[in-house]
1. Taking H placed 1.01 Å from N in the peptide plane, check which residues at least 5 places from CYS43 or on another chain put their amide H under 5 Å from its amide H.
2. By how many degrees, between 0 and 90 and to the nearest 10, does the Cα long axis of helix 219-244 differ from the longest principal axis of the chain?
3. Can you give the helix-only mean residue ellipticity at 222 nm for the chain, where every DSSP H stretch with n ≥ 4 adds -39500 (n - 2.57) and the sum goes over all residues, rounded to the nearest 500 deg cm²/dmol?
4. Per-residue counts of other Cβ atoms within 10 Å, averaged by peptide: what ranking do you get for 260-269, 215-224, 58-67, 187-196, highest first?
5. Hey, got the Cα dimensions of the chain along the principal axes, in Å, largest first?
6. Could you pull out the pairs from LYS68/LYS180; LYS229/LYS255; LYS245/LYS267; LYS146/LYS240; LYS146/LYS180 whose alpha carbons sit more than 22 Å apart here?
7. Evaluate 2.2 N^0.38 Å with N set to the residue count of the range 113-204, then give the Cα radius of gyration divided by it.
8. For a quick protection proxy, order the peptides 234-245, 46-57 by their average other-Cβ count within 10 Å, most packed first.
Amino acid sequence: SVEFSEHRIYNPGENIRHIDWKLYARTDRLYVKRYEEETNLRCRMVLDASGSMFYPTERLQNVEQPNKILFSTIAILALMNLLRRQRDAVALDIFGPQEHHTAVGSTYAHMRNCSTELYKMLQAYEVGKPLASGNLIEQLHVLAEKAERRSLLMIFSDLYEAQENPEAFFDVLKHLRHGKHELVIFWTTDHQEELNLDLPAGPYRFVDMETGAQLKLNPEEIKEAYRQKTAAFRADLERKCLQYKVDLVSADVRKGYREILQAYLIKRKKLF
């Protein structure tokens, strides 16, 4: 069935078939009716809002040099804007202490509601207070069962939960692909500090942002082993993504949003 979506101003040269003549009689202005069936693509933005995504907390409000959660939020808003301009529908799924899920929609009001929920999620964070894990793997299995017909899923996560249990994460990728969903994973990290462990020399006190557990050590003593373990996970992840035909983007929060937008545009071009 055809479901009315919204009105928009008529642009000269367009087909007059969808002009709302009754509205023209009342307002003396030409408006075109838009319907939900005009949507070309259904896209779900999946945001991992677990505690580790708020690292480093001092950059939570630094738009010029954002932390992981702020970087992901801005990227999602930019992608939503592109989707709406291309008459695509979008949904938002936030997994974490501030969990939120929306239906798929393409209206301006829907986009504004998604923006509001992202803002609330950022504002709810309390510095120094541990945040529980978002149970990303479990929630993705649930999403695989309830998601609408074939959709494009864009997942923003630092994948720390996946590193703890890689086989379970690879299983959920297989589950999502079994449902014919297209996947783009944005592995969102601070490459310098989190992947390479490049920190100024000296002892550090590391605090788990999800449990509050603390560990004192010198990064130089474990840097080589840490890099090897990270590289091994990355190799496994790249191999599985290639096997399941999942697009993987290693997004560095220090390098801006070009890779994010480029990955979306390439994926959409492949789908249409």
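Nothing in this text is a laboratory measurement; each read-out follows from the coordinates by a stated rule. Since the model is a prediction, treat every value here as computed from it, not as a measurement. In this analysis, Cβ positions are derived from the backbone assuming ideal geometry, glycine residues included, and neighbour counts consider all displayed protein chains.
1. It is ALA89, VAL90, ALA91, LEU152, by chain and number.
2. 40 degrees
3. Mean residue ellipticity at 222 nm (helix-derived): -13000 deg cm²/dmol.
4. Listed from highest to lowest mean packing, they are 187-196, 260-269, 58-67, 215-224.
5. 75, 38, 29
6. From LYS68/LYS180; LYS229/LYS255; LYS245/LYS267; LYS146/LYS240; LYS146/LYS180, over 22 Å: LYS68/LYS180; LYS229/LYS255; LYS146/LYS240.
7. 1.33
8. Per-residue Cβ counts within 10 Å, averaged per peptide and sorted highest first, yield 46-57, 234-245.
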